[in-house]
Amino acid sequence: SAAPTSIDRDRLATLFAAERARFAEQHPASRALHEQAGGALLSGVPMNWMTRWPGDFPLFARAAQGSHVTDVDGRDYTDFCLGDTGAMTGHAPAPTLAAIAEQSARGLTLMLPTEQAAPAGEELARRFGLPLWQFTLSASDANRFVLRLARQLTGRPKVLVFNHCYHGSVDETVARLGDDGLTVEPRHGNIGPAVDPAQTTRVVEFNDLAALERELAAGDVAAVLAEPALTNIGIVLPDPGYHDELRRLTRAHGTLLVIDETHTLCCGPGGATAAWGLEPDVVTIGKPIAGGIPTGAYGLTAAVAERVLAGTVWDAADVGGVGGTLAGNPLQLAAVRATLEQVLTDDAYAHMVAMAERFTAGVQETIDSAGLDWHVTRLGCRVEYMFGARPARSGGEAAAAFDAELDAYLHLHMLNRDVLMTPFHMMALMCPATSVADVDRHTAAFAEAVAALTG
Ligand code: PMP
């Protein structure tokens, strides 16, 4: 990879080798379990992302509670990965567990609504300001179904996404901008695409209003699917006024605006939509809203809901690619209700944001005193540090600043000091149980890494 920062590469290689050895030494039980699991599981893991941790094998966890995870070697970790946001509630939150236990004894999946269903929808409506909701089994599903509905409603073939976005395993979104800045290509990692994404997708850089206007003017875009701030290529914040223009242009061109709040729920109880006063036609969400029980959801404005219900769209949807036999099951609805009403509360957010502020200050202080050309960005209770002196304004810029070797070293350094960071980049999320001691454990480990890197 390119080396945009001033870190000495030989030193980095030496340090990384030492951390690899230390990791192996500290985790004999995980190594043994991984070897054994390879007899039944592809790559020794139940899901391929779990191989993305640094080190020669993944940690095998034994238990998780609040902001902590223990592994099979008996080590205790502070968890800032939190299941890549799936556990933003903290692990095993008591109110969610109680609701799960109660509902479990009354049936898990029914193909019938229960008394929990409407309150869960009402709570989402209250938070995001969109009145009518549906539930799915994942955020990917919510995005997939919404894109289908948008094409059906508008009669237009394409969707528009941002370069280096991530919205889950959704075919149309696994696309990138070509090097000419105009054409669309399958993104690296687009496995066996059914159709060339150039046929389904327009891609522009985040914060590039001229490109957005140009692509919408083609008149064939059913929906823009947007994270309010990019969170999957580092955090990329919107320029001041960007969302106003995004809304104005989508309205002017008859394109639905879908805001994916799956990660930006870190901005507050109603995501960036509430925190920043956005006016989406549709919101999609998933990951932590049921405290770890698989759930996605999408919310519609009254106007969009009316269009969905009119004609034959909704009647046909049960065989038309909007589905999931277990979706909307009573267990997930009970978990959503308890999690939203009792775990991800306003008070919890106030604490999570305070912890994120402390985390950010600790990182900033180390960057400043070492004179590093790195920066740290906070988005509500999510924090990320990245290489390069200034925050990127687009996915393309953020990708260019990525340093795979440095990233792997820092992750492994943290893991060896009992701190879990999200495996894909240096991202940390706070949960209601995150403590000052947790944050300070990271701050000390970060300072130690920077000292080692800079000599
Ligand atoms: N939307 C966003 C913004 C995401 O970051 C992700 C997952 N990282 C998804 C959707 C998809 O979530 P899931 O994999 O749980 O379907």
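The values are calculated or read from the model by the stated rules, or taken from the named source; none is laboratory data. Source: prediction; values computed, not measured. Virtual Cβ from ideal backbone geometry, glycine too; neighbours counted across all protein chains shown.
Could you please give the count of residues in the range 211-242 that are away from the ligand (no atom under 16 Å from the Cβ) and either at negative phi or part of a strand (DSSP E or B) (or both)? So that I can check it myself, show each step before the final result.
So in the range 211-242, the residues away from the ligand (no atom under 16 Å from the Cβ) come out as 211-222, 239-242.
This time we only want the ones that are either at negative phi or part of a strand (DSSP E or B) (or both), so: 211-218, 220-222, 239-240, 242.
Number satisfying all stated conditions: 14.
Would you say ARG106 is in a loop (DSSP other than H, G, I, E, B) and within 19 Å of VAL224 (Cα to Cα)?
Answer is no for this residue.
Mind counting the residues in the range 259-279 that are touching a Phe, Trp or Tyr at 6+ places or on another chain (Cβ under 8 Å), within 21 Å of VAL159 (Cα to Cα) and away from the ligand (no atom under 11 Å from the Cβ)? Even if it seems obvious, please write down each step before you answer.
To start, the set of residues in the range 259-279 that are touching a Phe, Trp or Tyr at 6+ places or on another chain (Cβ under 8 Å) comprises 261, 267-271, 273-274.
Next cut, within 21 Å of VAL159 (Cα to Cα) only: 261, 273.
Narrowing the set further to residues that are away from the ligand (no atom under 11 Å from the Cβ) leaves 273.
Final tally of qualifying residues: 1.
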Checklist entry - Counting only residues that are of a type outside the set (Gly, Ala, Ser) and under 19 Å from THR345 (Cβ atoms), which one in the range 259-270 is surrounded by the fewest Cβ atoms within 10 Å (Cβ to Cβ)? => result PRO269
Checklist entry - So which strands (runs of 3 or more DSSP E) stay within the range 138-210 end to end and still have 1 or more residues that are surrounded by fewer than 21 Cβ atoms within 10 Å (Cβ to Cβ)? => result 184-186
Checklist outcome for this item: Condition set more than 16 Å from the ligand (Cβ to nearest atom) and not hydroxyl-bearing (Ser, Thr, Tyr), scope the range 248-258, selection surrounded by the most Cβ atoms within 10 Å (Cβ to Cβ): answer is LEU256
Checklist entry - over 23 Å from the mean Cα position of the chain (by Cα), more than 16 Å from the ligand (Cβ to nearest atom) and either crowded, with 22+ Cβ neighbours inside 10 Å or at pLDDT 95 or above (or both): does that describe GLY107? => result yes
Checklist entry - What number of residues in the range 68-99 are away from the ligand (no atom under 16 Å from the Cβ), among the hydrophobic types (A, V, I, L, M, F, W, C) and crowded, with 23+ Cβ neighbours inside 10 Å? => result 2
Item to check | strands (runs of 3 or more DSSP E) contained entirely in the range 273-388, each with at least 1 residues that are at pLDDT 95 or above, assigned by TED's automatic domain parsing to the domain that holds PHE135 and of a type outside the set (A, V, I, L, M) | outcome: 282-285, 296-300
Next on the checklist: I need a count of the residues in the range 133-168 that are within 12 Å of the ligand (Cβ to nearest atom) and among the polar types (S, T, N, Q).
Outcome noted: 4
Item to check | Cross-chain or 6+ apart pairs with Cβ under 7 Å, the range 238-259 first and over 13 Å from ASP281 (Cβ atoms), then of a type in the set (Lys, Arg) and surrounded by fewer than 22 Cβ atoms within 10 Å (Cβ to Cβ) | outcome: ASP239/ARG393
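Residues of the range 280-292 being farther than 12 Å from ASP260 by Cα and within 12 Å of the ligand (Cβ to nearest atom), which ones?
Scanning the range 280-292 gives PRO288, ILE289, ALA290, GLY292.
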Checklist entry - Does ALA445 fit the bill of being in contact (Cβ under 8 Å) with a residue 12 or more places away in the chain and in a loop (DSSP other than H, G, I, E, B)? => result no
Checklist outcome for this item: Picking from ALA99, ALA175, ALA117, ALA142, the residue that is in the same structural domain as ARG214 (by TED's automatic domain parsing), small (Gly, Ala, Ser), closer than 20 Å to LYS287 by Cα and touching a Lys or Arg at 6+ places or on another chain (Cβ under 8 Å) would be ALA99
Item to check | Hey, ARG393 farther than 25 Å from THR78 by Cβ, assigned to a loop (DSSP other than H, G, I, E, B) and among the basic types (Lys, Arg) or not | outcome: yes
Checklist outcome for this item: Picking from THR301, THR273, THR325, the residue that is crowded, with 24+ Cβ neighbours inside 10 Å and of a type in the set (S, T, N, Q) would be THR273
Checklist entry - In the range 246-276, how many residues are farther than 25 Å from ALA428 by Cα and under 21 Å from the mean Cα position of the chain (by Cα)? => result 2
